[in-house]
Amino acid sequence: MLRCGLTWGDRTVDPMTHTSAVAVKATDLIKTYGTGDAAVRPLKRLSLEIPAARFTAVMGPSGSGKSTLMHVLAGLDAPDGGSVIVGDVELTGLDDRRLTRVRRERIGFIFQAYNLVPSMTAQENILLPSRLGRASVDRAFLELVAERLGLTERLHHRPFELSGGQQQRVAVARALVSRPDVIFADEPTGNLDQAAGAEVLDLLRAAVDEFGQTVIMVTHDAGAAARADRTVLLADGRLVDTLEAPPPRSWPPR
Amino acid sequence: MNPVLRANLRSGGTRLFAAGAAIAVAVAFVVTSLLMVDAFSRTMESQAEAEAAGADLMVEVSGLVDDPQTPAALADQIQDLDDVGDAQLIRSAFAPAEIGGRDGFLGVSELPEHLPVEFTEGRAAEAADEITVTEQFADAYGLTVGDAVTPEDPATGDAGDPYTVVGLISGIQRAGSAFVSPAGMDAFPEEAFPESIRVVLAESLHGDAGAQRIVQEQIQDLIEQHAPEASVLTHEEIVEAWLEDLAGTSDILVTIGLGFGAIAVFVAGLVITNTFGVLVASRMSTLALLRAVGATARQLKQATLAEGALLGVVGSAVGVLLGFGAAYGLGTAARGLWLEDFAPVRLTVVAVVVGLVLGTVVTGAASLFPALRAGRTSPMQALRPADVAPAEGGVPRVRTTIGVVLGVLGLGAVVAAALLHSPLLGVAGAMLGFLGVLLAARAIVPAVVRGLGLLLARITGGEVPRLVAQNARQTPGRLTTTTSALLIGVTLVVTMTVGAATAQRSLDEEQADRYPVDAAVASADVGAAVDAEDAVTGSATVPGEPAEETTEDGAQAPAQVVAASAETVAEIARRDDLLPEPGQALLSASFYEGEQPVAQWGETATVTLKAAGEEPLQVQGEMAGWLPPGTVVVSSAAGWDLQEAEGQTWMRFSDTATVDEVMQVSGTLTDVAGAETPATVEAALSRASISGVIDTVLLVVLILLAASVVVAVIGVSNTLALSVFERRREAALLRALGLSRGGVRRLVSTEAVLMAVVALLIGGGLGVFFGWAGVSSLVAEDVMGVALAVPWGRLGLIAAAALAAASSPPALRLALWGGPSPRRASPRSSPPLLRLRCLRVPFQV
């Protein structure tokens, strides 16, 4: 396995020795839609901690609140109660402008579909968050990520010229290049065939193992969740179980 | 550059192009108007300068018309002043004339001796039977040097002494179109009016402003003593006064040009708002993604605004160039065809600045509302990629309230404008009211479409109209936007059509009042000849009897008594109440002329009719200007024994007869009945020339409106593109659930037809109202009643065009840009399985 000593912003991180840190911490989250009898409560005093530099899967049946949890953790939606801390930033109470900035600088996204801006090339899509924040771009790191993801030849293609798997790789590269505190992946394999889905899961693993990233993946695919280090199970707006996966070297099962 | 802006610009494509075209057309219109008015003003200025040239002072003596001796005497006295070299009295006169073999109207003046003129041929008129004309005049009548011009005495109709053309003057002249010598002016059959005295100072003082002022004071003294109605101006003051006159004309032209420009810009603004609405809607998922990965709401807002501003700048720049090109072309055409001295069109700073600022500001302002919507995009939308769009909100109360208030105010102002005869108030009110209707449409249109859909579902029992009705509740915004685009076009065109028809009808009624019969000739033998003419649709012989008019002093003149029957009136006349009651008669205008008129011009006269062997009959006579001279009309009910052979022939012309056709019939009448037989085609001529003028005005107005209609069509195309974009997923779901391909197609076309019907109902109603109000506000106060005329045939054509535009955008879009057809895109490009993969249940509860 490749080992990289990387400069992580102003911090130097050794991924194998830094596993005890907490990347995202949620406490007593409450979220309610609607009022009265029609009220739906996707989150009922839910608390959880996501360890840094680990691959965490969030699973649960439809209506268990996993999508809402992700919206709240990623600063896309505000909870009605409780608090969310990403890295060292408390999201609760931030206004839209500051939340946007947190998303841009500390959070990466990989969605099921509509991952890329169709009118931009792969490279422009990858650099989009830093351009939006007018931040300088680490060219060397971009090249490193592109090479690792096999995108070097494809950087100047537009999304419609790429296969579904390649598009997802561009999305992964975009999430990696801005060096966020945490990457959220929303059903990243949902729209892909099995081979491409497996490839994306490999890339998410690599993001954790080789680039020391923290990845949170929402999925209802047990097979996908099996690639994670930990799996958090939700039901009815509450955390019901946490499974630690067996050590990576026993994967894939024979 | 803002990365969001860059992405937006790349994904805008043909829709941005369409919006740019809309603003370019509107700006081009405004710029063309400004440049043409500028060139026109410069043309007139240079003419004013040219004609004032040569004269140091001008004494205005047209106020002395009743006292023909004084101007001549004043000219002599001025001539005797020390510093004056020459003082020439300029007179002018007008009369009908035969010009180069054609009937026309001749206005002549004395040619100022010191006016620098350029002869393209020949020389100035010197002898009493010589005349010099301008080239324009010569062209109009096909005159060349050596041709004859014969004026008539307007009172008697006798031909005067002919003039021979001896020279042609280049260019048009302010002073007139034909010039004679003072001796020639004395020979003119109509009395000449004094116009002005042109004063030229003695050699060394010519052109000296100081000397001009001194002589001006001396002339002022003379005027005070002898002719207080006169006034004296120096060279400078003349040019200034002319330019002031001219400014009034320019102001009117500017007002007309900018009025239509304002309509075009207003329509373009609405179209651009729609276009950006389409763009923002089609980019919703991309905007949500941008929000999720870190774009602020402000960045999205600014990107959309910047896109609008950029589009405005580019569109306006193209519009300025287009406008300059159009004005240049028009100017060149004017020089070639009409005004040889028309000043070359120059691109003025004012036109460029007005064009650029107007286009950019309007586009920027029009993109404001869509920009706010872009900023409100929720990043969460990126996380539910293919959900069926949630239902749009209910009726927006604020928007509807503002719309109703603006609508009531604006339409109220239009009614006030119609009653007070104030066109400007009308235009402002119409724009405001229409804006109000567009805002309130969000509350009205979906409800009406839904009602119509449910009604249709009940009648046909089909499922498709029911789906249309449900869609109307699901996506009222989209429905309203598309309908609005149609509404704009329909309202514009219906307004113009109804306005023209109403104006035509009002004038027709006024004409029918004055001229109930188109033409009449005092001969019973012309029936076959005139019936052979295409322009004549009917003729009738009115029995009559030759008579003599005896005035109180015993003088006798030939006359004719005819008896009109109710059948004749029904067949020929344009007004039913023409027939005189027993004891009444109609008298031709000739009885009111001459030494002893029967009564004051136009008033009721008492005349006595004496037939051989009958008791004298006293009747009340009304004047009827359309009768041949010497005619008395009584009703056939009076029971007089009159002979067909001694009667008159009355004619009715076709409504589309032209002036030339009427003149041709007039020629036939002269040939068949003889030149001495009294005849009149005045009514037909008046009708033909008025309908010619209305047709021309309508044509000009439609050309002026064309810019706005083009812009509105672009808007329809854009909003249909929006509807197709939003439809893809919805159509896929319906297909997946079992609706046939034909069913989806019927769904789209049923909705399109219902939208067109609503646009036609609202736009048609508004157009009829605006058309009537427009004519009412334009006519001078109480000159005539304005009767609304609705041309159903033409409105039917407009309805067909609107339905076609709404339901067959492929043809329209292909004709405009050749892009993919919106209607076909939805049913064909949606194989159910492929689309289903990205369809998820809206809420995972």
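The values are calculated or read from the model by the stated rules, or taken from the named source; none is laboratory data. What you are looking at is a predicted structure, and each value in this text was computed from that prediction instead of being measured. So basically every Cβ, Gly included, is an ideal-geometry build from the backbone, and we count neighbours across all protein chains shown. Heads up: the accessible areas ignore ligands, DNA and RNA and are worked out on the full protein's heavy atoms, side chains in. Shrake-Rupley method; radii C 1.70, N 1.55, O 1.52, S 1.80 Å.
Just a few scattered comments:
- Selected residue [in a helix (DSSP H, G or I), in contact with a His (Cβ under 9 Å, 6 or more places away or on another chain) and in the same structural domain as B:PHE105 (by TED's automatic domain parsing)] from B:GLN212, B:GLN216: B:GLN212
- Picking from residues in region B:303-319 that are away from every other protein chain (no Cβ under 14 Å) and open to solvent by less than 10 Å² (accessible area, probe 1.4 Å), the one that is farthest from B:ALA18 (Cα to Cα) is B:THR304.
- Residues that are within 19 Å of B:THR377 (Cα to Cα), outside any loop (DSSP other than H, G, I, E, B), open to solvent by 30 Å² or more (accessible area, probe 1.4 Å) and facing chain B (nearest Cβ under 8 Å), drawn from region A:77-125: A:ASP96, A:ARG97, A:ARG101, A:ARG104
- Here the condition is being surrounded by fewer than 23 Cβ atoms within 10 Å (Cβ to Cβ), under 34 Å from the mean Cα position of the chain (by Cα) and at pLDDT 85 or above; of B:LEU435, B:LEU454, it holds for B:LEU435 alone.
- Region B:170-208, residues that are farther than 14 Å from B:GLY54 by Cβ and part of a strand (DSSP E or B): B:ALA178, B:PHE179, B:VAL180, B:PHE193, B:PRO194, B:GLU195
- Residues of region B:292-302 that are part of a helix (DSSP H, G or I) and either open to solvent by 10 Å² or more (accessible area, probe 1.4 Å) or within 7 Å of another protein chain (Cβ to nearest Cβ) (or both): B:ALA292, B:ALA297, B:ARG298, B:GLN299, B:LYS301, B:GLN302.
- Hey, B:ARG466 open to solvent by 30 Å² or more (accessible area, probe 1.4 Å) and in a helix (DSSP H, G or I) or not: yes
- Against the test of being free of Cβ contacts under 8 Å to residues at least 40 places away in the same chain, closer than 26 Å to B:LEU368 by Cα and either in the same structural domain as B:ASN2 (by TED's automatic domain parsing) or touching a His at 6+ places or on another chain (Cβ under 6 Å) (or both), the options B:VAL349, B:VAL353 yield a single qualifying residue, B:VAL353.
- Test: A:ASP202 is away from chain B (no Cβ under 13 Å) and under 13 Å from A:VAL172 (Cβ atoms): yes
- Test result for B:PHE105, part of a strand (DSSP E or B) and open to solvent by 50 Å² or more (accessible area, probe 1.4 Å): yes
- Looking across B:PHE29, B:PHE17, one residue alone is part of a helix (DSSP H, G or I), open to solvent by 10 Å² or more (accessible area, probe 1.4 Å), more than 14 Å from chain A (Cβ to nearest Cβ) and closer than 30 Å to A:THR121 by Cβ. It is B:PHE17.
- Close Cβ contacts (under 8 Å, 6 or more residues apart or on different chains) running from residues in region B:282-294 that are at positive phi to residues that are open to solvent by 20 Å² or more (accessible area, probe 1.4 Å) comprise B:GLY294/A:ARG101; B:GLY294/A:ARG104; B:GLY294/A:GLU105; B:GLY294/A:GLY133.
- Consider region A:230-246 and keep the residues that are more than 14 Å from A:PRO42 (Cα to Cα) and not in a strand (DSSP E or B). The one that is most open to solvent (accessible area, probe 1.4 Å) is A:PRO246.
- Pick from region B:280-289, criterion within 12 Å of chain A (Cβ to nearest Cβ), of a type outside the set (Lys, Arg) and within 51 Å of the chain's Cα centre (by Cα), ranking: nearest to B:THR304 (Cα to Cα): B:LEU287
- Scanning region A:133-169 for residues that are in contact with a Ser or Thr (Cβ under 8 Å, 6 or more places away or on another chain), under 27 Å from A:ASN191 (Cβ atoms) and either open to solvent by 80 Å² or more (accessible area, probe 1.4 Å) or of a type in the set (Lys, Arg) (or both) returns A:HIS156, A:ARG158.
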